[in-house]
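Here is the structure we will look at, set down as structure tokens.
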There are 2 protein chains.
Amino acid sequence: MILTVTLNTALDLTYGVPALVPHTSHRVGEMTERPGGKGVNVARVLRELGHEAVVTGFAGGATGAVLRELLAALPNHPADALVEVSGSTRRTVAVVDRATGDTTQLNEPGPHIGAHEWDAFLRTYRDLLGTADAVALCGSLPPGIHVGAYAELIRLARAAGVPALLDTSGEPLRRGIAARPDLVKPNADELAQLTGAREPLRATRDARRRGAHSVVASLGADGLLAVTPDGIWRAAPPTPVRGNPTGAGDSAVAGLLAGLVDGLDWPGRLARAVALATATVLAPTAGEFDPAAYAELLPRVTVERHAPAA
Amino acid sequence: MILTVTLNTALDLTYGVPALVPHTSHRVGEMTERPGGKGVNVARVLRELGHEAVVTGFAGGATGAVLRELLAALPNHPADALVEVSGSTRRTVAVVDRATGDTTQLNEPGPHIGAHEWDAFLRTYRDLLGTADAVALCGSLPPGIHVGAYAELIRLARAAGVPALLDTSGEPLRRGIAARPDLVKPNADELAQLTGAREPLRATRDARRRGAHSVVASLGADGLLAVTPDGIWRAAPPTPVRGNPTGAGDSAVAGLLAGLVDGLDWPGRLARAVALATATVLAPTAGEFDPAAYAELLPRVTVERHAPAA
């Protein structure tokens, strides 16, 4: 089983409008509601790939109840091990301009998590690690959780012998890397913020030096750059694609974890991750992937080994 | 008791952001949730004025449950006679730029109302008319409700001997006026859309000719223009004010109804309506009114009778 942790789950709302014009009033045309948060997205993709997946983290209030209902209603849903909290799960609102597809995002901060709630989560997390083959720690921290939370969760995973992947940003990423996770998956912005370096290879190497066993940087349409103990690889889709990149990073995380658990080598894991991310950009619904596109792309992803430099 | 009807109630969310920039991502700073919809706002103001008020209309789903909880939690709340429906009450999102106070509004369309749900509402409405001194019919129609719904509700009110005020727009307003309500309260835009005339007096007279017993047009910062069987009046605040006009129209409706039920003459009703609307613009929280400002403004509102013209 693969465990995904989403401390700040979200009820994701998508509003279709002809065009977003600030300081005017808009009638929303189409409205969709999805269970959201990075770890929830990762778990959904893992289920589609045929893996057992369990989501934990926090959910609360009316929005949390809706999130759990929507999750349970998915045809191929991950198991729900979310911990109930007294605050309300946040909403995110994606306002999509129908003409251009451009998206404006509004993210609520999330509920305040109390000390007893964090303790309850740690008990659940420890229990789940007992049967987990890998764990993904995903997304932002809700208010009230200490900034070293991911570092704490990484240490617990290591003590339990469970490989941990970290996908977050800012100070929680900085602290988390120092706790030596097996893998971090920053994007170019997160990497630059962490290391101060803009050049991808330099920044990715620098991130690894801070403590991560391996770093897989997502470079948007250019694919992935992996710096690992076994070597350095670049993986890219066969041709650039256009579409909605929402959730592509989460699909890449799912591909990396599934490949790890299935015992693939780095090129195999990276090919899966790039094919899934690309098939997510191509899918008509934000955050979902197109299985036919995935199957078609998988053998065509290019993975090149970087010549070892001095 | 004064009855207010809100067929498309809403859970009103307000998001504070530094500035809304289309096609970027925003962390929401402050978030507030209020029970909303025009008739709900009107009933809240009526309660503050000391009147018994009952809200009816539809509520459903998790959002409807939150709306009803928030309504019940108000210190001085109107009675809840909302009819439960299977669809979910809509949300509205007001995104407020913190620096300028400018608001961008996103309104979900609302749940689809089935024929049986409409019938259930009509039974509730008829029952409530039995003890109502006046009724306000407020806001947009949710999907599934026939465009002549307000006309039907006006005829039922007349049959029950209960004065009806209509505050809506577009085709529901056009059809509603033709059913001869006691009062309609369009704003300048609604009036222009209805009559094709931009000049306020001409447009207001034209609206009255379409069937309304009286028309009170709200002219924003210029106050109100009333065309009635007893004469024509203009009512205006003593000085123009700046602030958030959200809910000012609903406060004016509450003032007009309270004045009607209290047996005030037109100048008295209009003074109340203008003082309440102005005290709403001045209040720090959108949609609420400042009682001290109301008390101070009430004797200072100017109400001028229009000389009868040919």
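Identify, please: which residue in the stretch B:103-112 is under 21 Å from the mean Cα position of the chain (by Cα) and in a loop (DSSP other than H, G, I, E, B) and is, among those, surrounded by the fewest Cβ atoms within 10 Å (Cβ to Cβ)?
By that ranking, first place goes to B:Pro109.
Can you spot a residue in the stretch A:122-140 that is more than 22 Å from B:Pro18 (Cβ to Cβ), of a type in the set (Lys, Arg) and not in a helix (DSSP H, G or I)?
There is no residue in the stretch A:122-140 that is more than 22 Å from B:Pro18 (Cβ to Cβ), of a type in the set (Lys, Arg) and not in a helix (DSSP H, G or I).
What residue, among those in the stretch A:12-29 that are more than 9 Å from chain B (Cβ to nearest Cβ) and touching a strand residue (DSSP E or B) at 6+ places or on another chain (Cβ under 7 Å), is nearest to A:Pro172 (Cα to Cα)?
My answer is A:Asp12.
Taking the stated definitions as given, is A:Ala99 closer than 19 Å to A:Leu137 by Cα and within 13 Å of another protein chain (Cβ to nearest Cβ)?
no
For the stretch A:46-56, does any single residue satisfy the condition of being in contact with a Phe, Trp or Tyr (Cβ under 7 Å, 6 or more places away or on another chain), part of a strand (DSSP E or B) and either more than 11 Å from every other protein chain (Cβ to nearest Cβ) or modelled with pLDDT under 95 (or both)?
Yes, the conditions are met somewhere in the stretch A:46-56.
Could you check the stretch B:6-35 and list, in sequence order, the residues that are touching a Phe, Trp or Tyr at 6+ places or on another chain (Cβ under 9 Å) and under 16 Å from B:Gly247 (Cα atoms)?
Answer for the stretch B:6-35, where residues must be touching a Phe, Trp or Tyr at 6+ places or on another chain (Cβ under 9 Å) and under 16 Å from B:Gly247 (Cα atoms): B:Thr6, B:Asn8, B:Thr9, B:Thr32.
Report whether or not A:Leu13 is out of contact with any helix residue (DSSP H, G or I) (no Cβ under 8 Å at 6 or more places or on another chain) and more than 19 Å from A:Ala258 (Cα to Cα).
Yes.
Here is a yes/no grid of residues against (1) assigned to a strand (DSSP E or B); (2) in contact (Cβ under 8 Å) with a residue 12 or more places away in the chain; (3) polar (S, T, N, Q):
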site	(1), (2), (3)
A:Glu190	no, yes, no
A:Gln193	no, yes, yes
A:Leu201	no, yes, no
A:Arg208	no, yes, no
A:Ala217	yes, yes, no
A:Ala221	no, yes, no
A:Leu225	yes, yes, no
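Would you please name the residue that is farthest from the other protein chains (Cβ to nearest Cβ), looking only at residues in the stretch B:30-42 that are outside any strand (DSSP E or B) and of a type outside the set (Val, Ile, Thr)?
B:Gly39
Output the number of the condition that A:Leu282 fails; it satisfies all remaining conditions of (1) under 23 Å from A:Gly39 (Cα atoms); (2) out of contact with any Gly (no Cβ under 8 Å at 6 or more places or on another chain); (3) of a type outside the set (Gly, Ala, Ser).
Of everything listed in (1) under 23 Å from A:Gly39 (Cα atoms); (2) out of contact with any Gly (no Cβ under 8 Å at 6 or more places or on another chain); (3) of a type outside the set (Gly, Ala, Ser), A:Leu282 misses just condition (2).
Being over 15 Å from the mean Cα position of the chain (by Cα) and not hydroxyl-bearing (Ser, Thr, Tyr) is true for just one of A:Val274, A:Val281, A:Val261. Which residue is that?
A:Val261
Taking the stretch B:81-102 as the region of interest, how many residues are surrounded by 15 or more Cβ atoms within 10 Å (Cβ to Cβ) and in contact with a strand residue (DSSP E or B) (Cβ under 6 Å, 6 or more places away or on another chain)?
14
Can you list residue pairs whose Cβ atoms sit under 9 Å apart, with the first residue in the stretch B:276-292 being on the phi > 0 side of the Ramachandran plot and the second being of a type in the set (Asp, Glu) and in a helix (DSSP H, G or I)? Count only pairs 6 or more apart in sequence or on different chains.
Pairs that qualify, where the first residue is on the phi > 0 side of the Ramachandran plot and the partner is of a type in the set (Asp, Glu) and in a helix (DSSP H, G or I), are B:Gly287/B:Asp250.
What is the one condition in (1) buried (at least 22 other Cβ atoms within 10 Å of the Cβ); (2) more than 14 Å from every other protein chain (Cβ to nearest Cβ); (3) not in a loop (DSSP other than H, G, I, E, B) that B:Asp119 does not satisfy?
It is condition (1) that B:Asp119 fails.
Counting only residues that are surrounded by 14 or more Cβ atoms within 10 Å (Cβ to Cβ) and in contact with a Lys or Arg (Cβ under 9 Å, 6 or more places away or on another chain), give me the helices (runs of 4 or more DSSP H) lying completely in the stretch A:248-310 with at least 2 of them.
Where helices (runs of 4 or more DSSP H) fall fully within the stretch A:248-310 and carry at least 2 residues being surrounded by 14 or more Cβ atoms within 10 Å (Cβ to Cβ) and in contact with a Lys or Arg (Cβ under 9 Å, 6 or more places away or on another chain), they are A:248-261, A:266-282.
Against the conditions (1) in contact with a Lys or Arg (Cβ under 6 Å, 6 or more places away or on another chain); (2) surrounded by 22 or more Cβ atoms within 10 Å (Cβ to Cβ), where does B:Thr168 fall short? Just the number, please.
Only one criterion in (1) in contact with a Lys or Arg (Cβ under 6 Å, 6 or more places away or on another chain); (2) surrounded by 22 or more Cβ atoms within 10 Å (Cβ to Cβ) is unmet by B:Thr168, namely (1).
Exactly one condition in (1) touching a strand residue (DSSP E or B) at 6+ places or on another chain (Cβ under 7 Å); (2) touching a residue at least 40 places away in the same chain (Cβ under 8 Å); (3) over 16 Å from A:Ser140 (Cβ atoms) is false for A:Asn8; which is it?
Only one criterion in (1) touching a strand residue (DSSP E or B) at 6+ places or on another chain (Cβ under 7 Å); (2) touching a residue at least 40 places away in the same chain (Cβ under 8 Å); (3) over 16 Å from A:Ser140 (Cβ atoms) is unmet by A:Asn8, namely (3).
Within the stretch A:57-67, which residues are small (Gly, Ala, Ser) and away from every other protein chain (no Cβ under 14 Å)?
If the condition is that a residue be small (Gly, Ala, Ser) and away from every other protein chain (no Cβ under 14 Å), then A:Gly57 is the only one that fits.
Answer yes or no as to whether B:Arg174 is closer than 24 Å to B:Leu49 by Cα, in a helix (DSSP H, G or I), under 18 Å from the mean Cα position of the chain (by Cα) and not assigned by TED's automatic domain parsing to the domain that holds B:Gly37.
no
Please state which of the following conditions B:Thr63 fails to meet, knowing it meets all the rest: (1) assigned to a strand (DSSP E or B); (2) touching a Lys or Arg at 6+ places or on another chain (Cβ under 7 Å); (3) buried (at least 20 other Cβ atoms within 10 Å of the Cβ).
(1)
Do we have B:Pro308 as modelled with pLDDT of 95 or more, farther than 30 Å from B:Leu13 by Cβ and not assigned by TED's automatic domain parsing to the domain that holds B:Pro35 here?
Judged against the criteria, B:Pro308 is not a match.
Kindly establish whether B:Pro245 is within 20 Å of B:Gly39 (Cα to Cα), buried (at least 22 other Cβ atoms within 10 Å of the Cβ) and of a type outside the set (D, E, K, R).
Criteria not met by B:Pro245.
Give the residue, chosen from B:Ala79, B:Ala73, B:Ala94, that is over 21 Å from the mean Cα position of the chain (by Cα), more than 18 Å from A:Thr14 (Cβ to Cβ) and either among the basic types (Lys, Arg) or more than 9 Å from every other protein chain (Cβ to nearest Cβ) (or both).
Just one listed residue meets the conditions, B:Ala73.
The values are calculated or read from the model by the stated rules, or taken from the named source; none is laboratory data. No experiment lies behind these values; they were computed from the predicted model shown. Virtual Cβ from ideal backbone geometry, glycine too; neighbours counted across all protein chains shown.
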